[in-house]
Every structure is written in C-alpha cells, then in structure tokens.
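Worksheet for the structure shown next.
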Amino acid sequence: MKKIAVVVINGTTRDFDREYHYIVPEEFHEKLEVGMRVIVPFGRGSRPKEGYVIGFADNSEFDGLKEIKKVVDKKPVLLPSQIDLAAWMKRRYFCTYSQAFRCMLPPGIDVRSLQIVELAGGDNRADGSGFADDGGSADGSCCTHDNGSADGSCCTHDSGVRTDGNFAVQGRSGDGSCHGPGLYDEAYKDLTPNKKLLIDLISSNDGSIEYEELKKLYGRKSNFGRNLEELADQGLVRITEQYSSAVRAKTVRAACLAMPPEEVSSDIETGVIKRIQQIRVLEMLLENEYIAVQDLMRFAGVSASVLDTLSKYGYISYMDLEVKRDPLRHRKVEPTEPMEPTREQKTVLENIKALIDTGKFHEVLLHGVTGSGKTEVYLQLIQYVLDRGRQAIVLVPEISLTPQMVDRFRGRFGDMVAVMHSRLSPGERYDQWRLIRDGNVKVVVGARSAIFAPFDRPGLVIIDEEHETTYKSETTPKYHAAQIAAKRCMYSGAVLIYGSATPSVSTYQRALEGRIGLAVMRERANEMVMPGVAMVDMRKELELGNKTIFSILLSAEIEKNIASGQQTMLFLNKRGYASFVLCRNCGIRLKCRHCSITMTYHSIDDRLICHYCGYTVKMPSVCPKCGSGHIRQFGIGTQKVEEELHKYFPDASVIRMDMDTTTGKRSHEEILDTFRKENINILIGTQMIAKGHDFPNVTLVGVLVADSMLGMDDFRASERTFQLLTQVAGRAGRGSMPGRVIIQTYNTEDYSITAASRHDYETFFRQEQQIRKRLCYPPFTHIAMVVVSSVNDRIALSKAKDAYDFLAGGFDASAGDELLPGPVRAPIARLRNRYRWRVIAKCGSLSRLSAILSRLTDHFMKNRGKSDADISIDIDPTSMM
C-alpha cells in the first residue's frame, strides 16, 4: 500500500511555505516517523532539500508525487506538540514553519547537502571493476592511497586515477610511465575542449570536487551542466550526494577486548604474550570494559603501535565512544535540602500544588518582594511535579543569572538538570538538547530559548522576573517566551508561574481582573526589613560645587563600606566611557556611518563604537567636519565610572560587569564568583547586575543616574524605570546586615522614581494604569508596529506608504481600531545601512489584528518586486525604536 508523508521544506520563503506530499519508499515504511527529517527532491530541478515530516496522509489530490530520497534521523527531532506549536507560531508571528522549527532545534543541526563530482574510472563499466570506497579496486586489485597499483607501478590519489590500464589521469599512464596531465586513450581524445577541461579540473583536485566549486573553476564557459551530465552518461564521472551537519555527537576512539577474557588471561599466564607493554594493556582492559585510546596509551605507557599489534592479532578491537560535552563540568555544587517554608511561602505552595493536582492549565502571578524566597518556592514546586512523573522548565531573563540559578537547582536535583542558553558552544547545546529529548534530565534552566526544550510531559513552567523585555525575541519569529509557555502548558495541562517583585503592568492587570491567579509574598524570607532608600537631587549637588558623578552622601557611604569590609554595587545602565562625542565648535555629534545613532566612546581601545551594528573607528583628534580641535567626550558610561572609582577610592578593589567585560564564554560567572569569593569592594555594572543576584555581604547599592531611561521614545519608559530601580535596590541587605540604597537623580518628582524609593508597587501601578487607559495603550489594547526598510530611502518610504494604505483599508474605526498618522521615520531612522519607516496601529482584538497583519505580509511579499525592501511586523513590541 502506498504510504504518503506530509512534508514542509526547510529554509523556504513564505511563498513556498506549505505542506507537500511525498511517497515513502518501501524501505522507509517501518522507520519513518512524524518529527523526523528527510531529504526530498524539490522544485523543477528536483534539487535535494531538507524537510520535516509533520504527518502522513491516506491519499493525495496531487499527481506525479516524488519519493523521499533519504531519512536523516534515527529518532524524531520534533515532538507532535512542537509541530502543533510551530503551526500556531506561523499564524501568530507571521513566520515560516522552518523559522519556527529553528527555535526548537539546536543551532548547526541543519543538514547540508553537497553534490560531489568524481572521476568514475572503471566504476561504471559493465564488468563492475573500478574503485571501492576503501581505496582498493572493485576486483580486489590494490589501487590505493598508499602509492601502489596492482602491478606495483605508482598510481596514487595524488598523481591520478588508474583502473585496469584503460586510462590514467594526470601523471601516470596505464603502463606506469610518466606523462603530463590528461587522458591518453580514445575516450579522452574524442571529448570536446570544455569536457576535457572538466576532466582536468576534477583530476587536479585529487579526482573529487564539490559541484559548486567545479562550476566556479569552470568559469563563464557555456553548457556546464549539460557537459557534466554527458560525461556522467559516458561513465567518465559520477555525481553523488553527501549530507552533513555542523554539529553531531562527539566521539573518542576507545579500545576493548575482542576475545573472551578467560582466553586473554590464559595467553598471558602461559606466556603466549611475552611483551610487558602488551600485557599491561590487556590487564587494564580485563579490569575495564573499554578505555579511551589516549588514556590507555598514557596510563599503560605504550605507543599506538603496541595497540595496533594487539588489534592485528585479534586481542583488542576499536570502537567509537560517545562523549557528552557538559557545560557544567567545571562547577562543583554541594547538595541542599528543602528549607522550612515561611508562613507566606507555605500558603503559596499549598495553593499552587492544588492547581497542579488538577492536571489542567493554570496561570499564576507570584508577586513577591525582592528577597521573599521565590526561588525556594520554585524548588519545592518542581520537586512536587517531579514526584508525579512530570518535567519542569525554569526561565531566567539574563545569561548572567543562569550559573547562580543552575547551581541552586543542581544542588537540589543533581544531574537531572540541563542548561540552555546562547553562550554554550554548538556542541554543548546539541548534547544538552539530546539529554532533554532522550528523557535523561527532568529540569531545564535557561534563557528565553529554553522554553522550547523538548519535554514530552511538562508539568510546570516558571518564568522568573517575568517583566523583563529579554523574553521577547527581536528577530523573526518575534515571539514572547510567556506566550509560547502558555501554549505549551495548554497542550500538556501544566501550571505556568510568572514570578516578579515588579510585575509588568499587563500581567498584573490580568491578575486583578481574575484572568490569572495571584499569589503574594510581602515579607523577606530572612525576616530582614527592606533596605532604606535615600534620594539625592543631583541639581543641588551642583549648587554645592560637587561636579563628580558621586554625590556627597554616596561617597561617604562607599567609604564606610570599604572600611567595614562590606560590599557595594553601583548601577549605571550605559556601558562604555562616554555617551557621545561632540565638537564644541560646529556642534556636530559623531554618528555611525551605517546607523543614525551617536557612537559611544570606549577608553580602553580609544575607539568610538556603534552599539547597534558594531561599526568602530579610532577616536579623532580633530573634528572630521570643521577640523577644530575642540572635540571631546560627553556623558558617562561604566568605563568612566570605573576610572573615577580608582581616582576617588584608590585603595578599593573594583570590578566591572557589562557587555564589554562579558564577551567570553564564562565571563558572567567568573566575574560574579570573583566578586563573591574575593569580597571585592565595589561592583559597577549595567542591568546585568540589577536582578536575581544574591550576595549576603552587599549592604549598599548606588544608582548613579536614575532618570536616564525616562526620555526614551517608548510608552513603557516609566514602567521600566520603576522596575529597574526596584530590582537593583533589592540587591542590598539580603544577608544578616541591613541594606541601604542611594538613588541619584535630576528628576526627584517623577512618580516612577518616588514609588521605587518607597518599594511601593501598588501606587506606581495605579498611576501607570490610569495613564495607559487614558491614552489607550496596552494592556487596554494591542499595538502593532510595522517597520519597512531598504538601502534606498525612497523605496522604503514608498513601500511603507503602500503598507499604510493597505492597513487603512482593513481597520474598523467603529470597533475601536486606530491607525496612527504615518508613515513616519523610525526613531532609529537608519540601521545597518537600511532606512526605516514606521507604521503604528492599535486594535482591541488580537485575532482580528493578526489576520489583518498576515494579509499585509502576503500583500507586501507579492508586490515587493525586485526591490530589497523588507518588512518587520511585531504585535505588542517591547521596543518601539
């Protein structure tokens, strides 16, 4: 009976992103499953393409179905629930199947197809003689890489191809005499010049070359494809397909006994084996099932030739032993036991456990102040889920938080914990993914991408610091991890917990409306009070003659901490040395040549760097516009603060944590470990240090410029200011000593700053809620941002106007839809050499908005023509830039 697979093609554009039917050959009937990858012929030329099997069909309405060429996987790489999730993502985020699947699979796993062109020699002769895969000829004669032909003449892969004397390539003729390049038989003489060129090109590349490389070397001469096909028809070349991927299981060569242990022992005892080196090797293998070859040679003190001799006489054999690349192998963690829950923790645990027992989808906001013990609640809920045979996923917003969080979870759950984030090597991510897929771990801790961990029975998903914008992807598909988590929990009947001391306005609004559960913890777990907060008006500091970046109060408190051996954290959400460079003669600000962004000065390299595209230039000594020498840096960044700290507190130890100091693979954990273990006096950092960290000896937190985010072109500016200030203030006083927080600002009246200074979330929420409702911003509507870009400003504007007109025809003003006047230039008008125009729309119905934007995407792609214009669509974006 004919079996039909439903396949989607990897890497296609939206135009070709649909389901295709392929016949499953008989030999694949038993092993092909949903979720596996296959190689299929695609398009008019039937070029091999990687595809995903997403189902099977009983019949097909299409004629002339092609057959699957190859099954790539031994077991599925996608779960049925992940395929369903991808179909939903395709509709919700205007992406393709393969873009959704790419989120779910480790990087580098894609299959790369290579066409190899080889000199066929005698392989295609009727008698079947020719080259075998191992270098020998098909009839058993020796024609190898080892410089030997069957008759002893020199015929190697380096000098040519030789079969039975009919012809030889480049360097050796059939009688072994030496000639120049070429085929010296009738077959070669009868070839056209272009075909001879192809043969010579292949020959000069050791008789084997990639198809595309051969085409490149062939140049602009005509009929490349036809000439190559005719050579293949003549039996002179063969074209084969090879498939590979960038990552695969890591293996090491190992040795094991090839005969029964009692026979080996007998040969040693009876003196059949006399050499002491061989005896040492065999005695080690008698005690171990297998040993890595390198270890065996090192510990036995022997060379490779000793092992090869034992292999030759049948005593040992070799095997490839898989080795797991463990990103946590360097971290030693002591086991921990569950802590006795506080009164508030106990109530929260009981309520959420009751929800877990229902086996149905539930969402709960866990609103706990900083230091209230949310992590201990997470740990005990995870244990409750594991005891019921389910799995758990824990998301953290910053990679810098991952090592600390992983240590706590491994201390409780040991080797049942896997980690997933972008700083792992491709091999490590691949091995962690396989551990999860194969059911060898039960808990995953990681950043945003960990929400796609291939668990088949997740019972609990936790999003820690749920308000963080890093949970939103800025590349297609522009998903939010919370939305993906909700879908996964719906599929599996799991509980989803949003944890935060400063919940997003949207999440808290949902909780107040009763659409999700609300659990509250208002007290710190160690019975310590919240840190005291002092607000310093930097305008008055200037009046007092203090022109430094440290207020008089902050300087005094830092001195106290240094003297007492207590630690200080200083927060500034701007890396680099100076925010911008300005010519005081002509007023020009130095901007990136590829983006409409001022460049940041970095003193270590004496360079200006664009933090958006990475473009960098040396700091000029004179103005590039007017030639004036009156050019200097303005504003401050973390590098400048570090320099000032060494100037005003010369005896203090200082460490900095920002994007510039955390470029290495384990830079985050090394900096944090150094700060903790060496009791560094002062840690200066960006928002990396603002949340989640728990340092008992930190008793002072200083916020250097609290109002730096209020001027952002974003309706969430006040919300983010409040959240960041509250989170960083929460790092103080988490141990046995009380904490102090000093907030420096030029805007002491702003409600987000004053509420943060009082740890007063409810007051901030009420005021922010009123503003959002009056202006019709989320959570009271949905915002869509459409950005059209092109290297040509005129084309970008034209296509943006077309997008605006299309949306105008689809929105319903009577239903509350609103299309803001436009299109207008995006706040970052030029990014990476592309001009950007923006269209903003508001709509109360998510389903209606998604449908309109999906039609816009298809309309744009259909009418784009040959222009390079591109469109980016985001619903409820976290950045309006």
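The values are calculated or read from the model by the stated rules, or taken from the named source; none is laboratory data. These numbers come from a predicted model, not from an experiment. Ideal geometry is used to build each Cβ from the backbone, glycine not excepted, and the neighbour counts take in all protein chains shown. With ligands, DNA and RNA removed, areas are computed over all heavy atoms of the protein, side chains included. Shrake-Rupley method; radii C 1.70, N 1.55, O 1.52, S 1.80 Å.
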Pick out the one residue from THR470, THR476, THR507 that is more than 21 Å from SER81 (Cβ to Cβ), more than 16 Å from the chain's Cα centre (by Cα) and touching a residue at least 12 places away in the same chain (Cβ under 8 Å).
THR507
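Which of the residues that make up the stretch 332-343 are closer than 27 Å to PRO426 by Cβ and surrounded by 15 or more Cβ atoms within 10 Å (Cβ to Cβ)?
VAL333
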Spot the failing condition for VAL385; the list is (1) farther than 21 Å from LEU355 by Cβ; (2) assigned to a helix (DSSP H, G or I), and only one is missed.
(1)
THR469 vs. criteria within 17 Å of VAL396 (Cα to Cα) and open to solvent by 30 Å² or more (accessible area, probe 1.4 Å)
yes
Determine whether MET619 is within 25 Å of HIS630 (Cα to Cα) and either touching a Phe, Trp or Tyr at 6+ places or on another chain (Cβ under 9 Å) or open to solvent by less than 60 Å² (accessible area, probe 1.4 Å) (or both).
yes
Does any residue of the stretch 7-28 turn out to be without any contact (Cβ under 8 Å) to a residue 40 or more places away in the chain and touching a Lys or Arg at 6+ places or on another chain (Cβ under 6 Å)?
no
Listed by first then second residue, the pairs whose first member lies in the stretch 389-418 and is more than 23 Å from LYS353 (Cα to Cα), whose partner is in a loop (DSSP other than H, G, I, E, B) and open to solvent by 30 Å² or more (accessible area, probe 1.4 Å), with beta carbons under 6 Å and at least 6 positions apart or on separate chains, are ILE399/ARG423; ASP407/VAL333
When you look at ARG253, is it within 30 Å of VAL40 (Cα to Cα), touching a helix residue (DSSP H, G or I) at 6+ places or on another chain (Cβ under 9 Å) and open to solvent by 60 Å² or more (accessible area, probe 1.4 Å), yes or no?
no
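Given the condition over 17 Å from THR96 (Cα atoms), at pLDDT 95 or above, of a type in the set (Phe, Trp, Tyr) and not in a helix (DSSP H, G or I), answer yes or no: does some residue in the stretch 8-21 qualify?
The answer is no; no qualifying residue exists.
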Quick one: would you say THR699 is open to solvent by less than 10 Å² (accessible area, probe 1.4 Å) and hydroxyl-bearing (Ser, Thr, Tyr)?
yes
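Among the candidates ASP793, ASP714, which residue alone is without any contact (Cβ under 8 Å) to a residue 60 or more places away in the chain and either under 22 Å from LEU518 (Cβ atoms) or open to solvent by 10 Å² or more (accessible area, probe 1.4 Å) (or both)?
Result of the check over ASP793, ASP714: ASP793.
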Criterion: touching an Asp or Glu at 6+ places or on another chain (Cβ under 7 Å) and at pLDDT 85 or above - qualifying residue of ASP651, ASP707, ASP673
ASP707
Which residue out of TYR218, TYR211 is modelled with pLDDT of 85 or more, among the hydroxyl-bearing types (Ser, Thr, Tyr) and closer than 30 Å to PRO106 by Cβ?
TYR211
Looking at (1) open to solvent by 10 Å² or more (accessible area, probe 1.4 Å); (2) touching a residue at least 60 places away in the same chain (Cβ under 8 Å), which is the only condition LEU704 fails?
(1)
Kindly indicate whether any position in the stretch 335-346 is under 30 Å from ASP295 (Cα atoms) and part of a loop (DSSP other than H, G, I, E, B).
no
When the residues of the stretch 433-455 are narrowed to those that are open to solvent by 10 Å² or more (accessible area, probe 1.4 Å) and within 17 Å of the chain's Cα centre (by Cα), which ends up nearest to HIS480 (Cα to Cα)?
ARG448
Pick out the one residue from MET785, MET737 that is touching a residue at least 24 places away in the same chain (Cβ under 8 Å) and surrounded by fewer than 17 Cβ atoms within 10 Å (Cβ to Cβ).
MET737
Got at least one residue in the stretch 745-762 being in contact (Cβ under 8 Å) with a residue 40 or more places away in the chain, over 23 Å from SER879 (Cβ atoms), open to solvent by less than 10 Å² (accessible area, probe 1.4 Å) and touching a strand residue (DSSP E or B) at 6+ places or on another chain (Cβ under 6 Å)?
no
In the stretch 587-641, anything without any contact (Cβ under 8 Å) to a residue 12 or more places away in the chain, of a type in the set (Gly, Ala, Ser) and under 22 Å from THR661 (Cα atoms) is listed as GLY614
Which residue, of ASP868, ASP874, ASP858, ASP802, is in a loop (DSSP other than H, G, I, E, B) and touching a residue at least 40 places away in the same chain (Cβ under 8 Å)?
ASP868
Going through ILE239, ILE202 one at a time, which residue ends up being more than 30 Å from GLN278 (Cβ to Cβ), open to solvent by less than 50 Å² (accessible area, probe 1.4 Å) and among the β-branched types (Val, Ile, Thr)?
ILE202
What are the residues in the stretch 850-871 that are open to solvent by less than 60 Å² (accessible area, probe 1.4 Å) and closer than 19 Å to ALA87 by Cβ, if any?
SER850, ALA851, LEU853, SER854, THR857
Residue check for ASP407: within 22 Å of the chain's Cα centre (by Cα) and surrounded by fewer than 22 Cβ atoms within 10 Å (Cβ to Cβ)
yes
Has the stretch 290-301 got at least one residue that is open to solvent by 80 Å² or more (accessible area, probe 1.4 Å), more than 30 Å from LEU228 (Cα to Cα), of a type in the set (Phe, Trp, Tyr) and touching a Cys at 6+ places or on another chain (Cβ under 8 Å)?
yes
